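Taking it in order: structure first as C-alpha cells, then the write-up.
The values are calculated or read from the model by the stated rules, or taken from the named source; none is laboratory data. For clarity, every value in this text was computed on a predicted model and none was experimentally measured. As a convention, Cβ positions derive from the backbone with ideal geometry for all residues, glycine included, and neighbour counts pool all protein chains shown.
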C-alpha cells in the first residue's frame, strides 16, 4: 500500500440508523476505500451496501458547494450564488424580524431523523432563540415507543442483543435491510448461527422470515389486535411470570379480564393470522427466557400506535422479560453531559405550555411537533401562526403525510432556509440554501439521546469543500446572530468536547476508544421499583384519567375503514439501498434500485391484468401515483406494498424533480390523527391498482 495512504477509524452515519464501525483509507484528502471494522462494537466487521457507497456523496458533481439565494418565484429553480456572510445575515434578519413581529414561536426549526449531534444543537438553537417549536418525524418514528415506554414502565425498553437470548420476536423490524438505532443485523445474525429461535411478524416475507420458526403475516394496521391476542393466550394458559406479575405489575387482574375478549379466533379474523399460529407464537415467547421483542418503527405508522406499543410492553412485562440480560432493557447512558444541559432547556421553562402541540393535548414527555400540527399553524394559524422555517437533514416534501399539504405550507411561508448536501424537492422551495458538510468531513458523536445506552465516535477523516460547512458550525454561527452569543462557542468543535468531558476523556481519547457504553445493571427495579407513579409496570395506567389516555391497551378498529371501491390494503417499505428519500442521486445505489416498485401478489396481478414490470397506477381516496409492478408471493393477495421516498434528482428543478409522480405520501392524509402523538395513517390504507394506460 502506498506510503501516503492512511487508515482512520470512524463510524458510518447518515446512511442508516445503525452506526457501523468503519476503517476508512484516505489519500490526498480523498477516501479511496471503506470497509467494516472487525473490532466494531455493534457490527463486528459488517457493512451494508449503503456504507460501501457512502464516499460517493462527497465527490458527486451535483453536490451543493456554495450558499444560494432564490431568484424569482419560489420553486422556479433559479438561484444566485452568495457568500456565507450574506447567507447567515439574510437568515438571521428574517428570523429575528419575524420574532419581533410574531414572537419566537412564529419560527419553527425542522429536522428529520436523528443523525448526530446536529439534531441536538438545532434543539439548543431553538431553545436559546426562544422558540418552543422543534418539528420532527418522531410522531411516527421512535417517540411512540420511547414515550409510551416511560408511561408504562418508566423507561424505553430496547432489545439487548449484547447478551444471548433464547427467543426473539422481530416485530415489524427488517434488520438485514434497514438497521435500527443501535441494532445492527450482524448482532442477531451471530446469535442465529448459534441456534437462536425467532419468529417474524411482518406483512411481507422479509429475508429473515425464511428461517424463522413462524412468520406471522399480519394484516397491516392490526398489530395491536395481534399483541392482545397473544396476551389472551399467555394469561389464559397461565404462562406468565407469576412472581414478577404479583410483585411488580399494576392492574394485572384488570388486564386479564380485558383481554379475554381477544381470543385467537377473533383476532385471527382481524389480523389474517391463523389462530393456531397466534397460540404458538405466544407460547414460544412466554416459555423462553430470556426472550426479547425487537420492534421496528412500522408499528408506529398509524393512529393505533399507542395501544400497539402498550400491548407489547405488557407482553414483555408479564413474561418477566423487562430489564434482564437478553430481554428488553433499561439502557443507561455513560457519564456524559445530560440532554437538558446540552440543549439549554433551562432557557425556555414554559416550552410545554407554549409549543404548538400543547393546543392538541398530546401525551406528556412528547416534545417535538408533529408535522400535521406545523402545517395547520402555517396554513390556518392554529393555534397561532408560524411564518418561518429553518430546516436541515430532512425532506418534508417526501417524508410528511399528505405531500400536497406540505407543498402548500412551504409555499405560504414568509421565509424558508434549508441546509442540505444536494438540491432536494424541499430545498428547491427555499429562499436560502446552505451547502452542508456530510459524514467523514467533521467530528461528530452518534446515538446521543436515543436511549440505547451508548454513544459512538464519528471523527472526520477528510476536509469538506471550502464552502461546505458542518451543520454544527452553521448552527453555532447562526446562533451568535439570532440569540445571545455567550451561549455559543468560538469553535463549534467544543460541542463534542463538552459532551464527553464528564467521562474524563477528551474527544480524541474518546475516538481512540471508539464508543462509550453505560454501566450494565439489570433488574434495577428491585432497588427502587419502576419509575412510574405506582413504582410498578402499569398494565393499567394510573395516569389515564389525568392525561385522558386509555387505561388498558385496546384494538379500536382498522386504522382506515374498508371501502369496496379500494379493495386492497396499502402499505410501504423502506429500501435497503436508500435512507428514506436520500441518495437516489448516488449512481451505485440507483443502479441497484433504479425505479420505484410496488409489490403485489401474482394472483392480484392476474386479476387486474398486470405483468411483471408494468407501470401501474396506485390510487387511494387522497391521491394517485405511478410505480412499477413487482410480482411476489411474499405479500398477501389483499395487500400492495409500495416504495417509499421516491423523487427523481435527474428531473427538472422547476417542478421540484417530479416530487409528486411516485411519492408514496401523495396517497396519505392527515384527516385522521392519533391523539397521543398526532400520528397520521401512513400504512394500512385502502387502495386500488390498475395498469397504466
Return yes or no: is residue 273 modelled with pLDDT of 95 or more, assigned by TED's automatic domain parsing to the domain that holds residue 181 and farther than 26 Å from residue 637 by Cα?
no
Look at residue 45 and say whether it is part of a loop (DSSP other than H, G, I, E, B), at positive phi and not assigned by TED's automatic domain parsing to the domain that holds residue 576.
yes
State yes or no: is residue 303 without any contact (Cβ under 8 Å) to a residue 60 or more places away in the chain and assigned by TED's automatic domain parsing to the domain that holds residue 171?
no
Please go through region 482-525 and give me each residue that is over 16 Å from residue 444 (Cα atoms), without any contact (Cβ under 8 Å) to a residue 12 or more places away in the chain and in a helix (DSSP H, G or I), ordered by number.
485, 486
Region 263-282: number of residues that are buried (at least 20 other Cβ atoms within 10 Å of the Cβ) and over 23 Å from residue 168 (Cβ atoms)
1
Some residue of region 94-108 being under 30 Å from residue 576 (Cβ atoms) and within 24 Å of the chain's Cα centre (by Cα)
no
Of the residues in region 94-134, how many are part of a helix (DSSP H, G or I) and more than 17 Å from residue 419 (Cβ to Cβ)?
12
Output the residue which, of all residues in region 397-431 that are surrounded by fewer than 24 Cβ atoms within 10 Å (Cβ to Cβ) and assigned to a loop (DSSP other than H, G, I, E, B), is nearest to the chain's Cα centre (by Cα).
402
Hits in region 208-230 - residues which are crowded, with 24+ Cβ neighbours inside 10 Å and out of contact with any strand residue (DSSP E or B) (no Cβ under 8 Å at 6 or more places or on another chain):
222, 224, 225, 227, 228, 229, 230
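Criterion first (surrounded by 22 or more Cβ atoms within 10 Å (Cβ to Cβ) and in contact with a helix residue (DSSP H, G or I) (Cβ under 8 Å, 6 or more places away or on another chain)) does residue 375 satisfy it? Please lay out each step first, then the result.
Details: surrounded by 22 or more Cβ atoms within 10 Å (Cβ to Cβ): yes; in contact with a helix residue (DSSP H, G or I) (Cβ under 8 Å, 6 or more places away or on another chain): yes.
So residue 375 fits the description; yes.
Return the only residue of 130, 149 being over 24 Å from residue 12 (Cβ atoms) and surrounded by fewer than 22 Cβ atoms within 10 Å (Cβ to Cβ). Spell out the reasoning first.
Working: 149 fails: surrounded by fewer than 22 Cβ atoms within 10 Å (Cβ to Cβ).
Just a single option satisfies the conditions, and that option is 130.
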Output the helices (runs of 4 or more DSSP H) that fall wholly within region 154-259 and possess 1 or more residues being under 30 Å from residue 642 (Cα atoms) and modelled with pLDDT of 95 or more, or say none.
185-193, 223-236
Residues satisfying the stated conditions in region 10-33, i.e. closer than 30 Å to residue 295 by Cα and not in a loop (DSSP other than H, G, I, E, B):
10, 11, 21, 22, 23
Every residue in region 48-70 that is part of a loop (DSSP other than H, G, I, E, B) and either assigned by TED's automatic domain parsing to the domain that holds residue 87 or in contact (Cβ under 8 Å) with a residue 12 or more places away in the chain (or both), please.
48, 54, 55, 60, 62, 63, 64, 65, 66, 67
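Please find, among 238, 254, the residue that is in the same structural domain as residue 531 (by TED's automatic domain parsing) and either free of Cβ contacts under 8 Å to residues at least 60 places away in the same chain or buried (at least 23 other Cβ atoms within 10 Å of the Cβ) (or both). Write out each step before concluding.
Values: 254 fails: either free of Cβ contacts under 8 Å to residues at least 60 places away in the same chain or buried (at least 23 other Cβ atoms within 10 Å of the Cβ) (or both).
Just a single option satisfies the conditions, and that option is 238.
Looking at 324, 309, 318, 313, which is the one that is surrounded by 24 or more Cβ atoms within 10 Å (Cβ to Cβ) and farther than 30 Å from residue 575 by Cβ? Can you show your working first?
Details: 324 fails: surrounded by 24 or more Cβ atoms within 10 Å (Cβ to Cβ); 309 fails: farther than 30 Å from residue 575 by Cβ; 313 fails: farther than 30 Å from residue 575 by Cβ.
Checking each option against the conditions leaves just 318.
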Among helices (runs of 4 or more DSSP H) entirely within region 318-395, at least 1 residues that are in contact (Cβ under 8 Å) with a residue 12 or more places away in the chain, closer than 30 Å to residue 435 by Cβ and over 23 Å from the mean Cα position of the chain (by Cα) occur in 371-380
Being out of contact with any strand residue (DSSP E or B) (no Cβ under 9 Å at 6 or more places or on another chain) and either closer than 20 Å to residue 683 by Cβ or modelled with pLDDT under 95 (or both) is the filter here; which residues of region 586-627 pass it?
623
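Are any residues in region 474-501 closer than 21 Å to residue 336 by Cα and crowded, with 18+ Cβ neighbours inside 10 Å, and if so, which ones? Don't jump to the end; show me each part of the working.
Just the residues of region 474-501 that are closer than 21 Å to residue 336 by Cα, to begin with: 476, 487-489, 491-501.
Selection gives 476, 488, 492, 495, 496, 499, 500.
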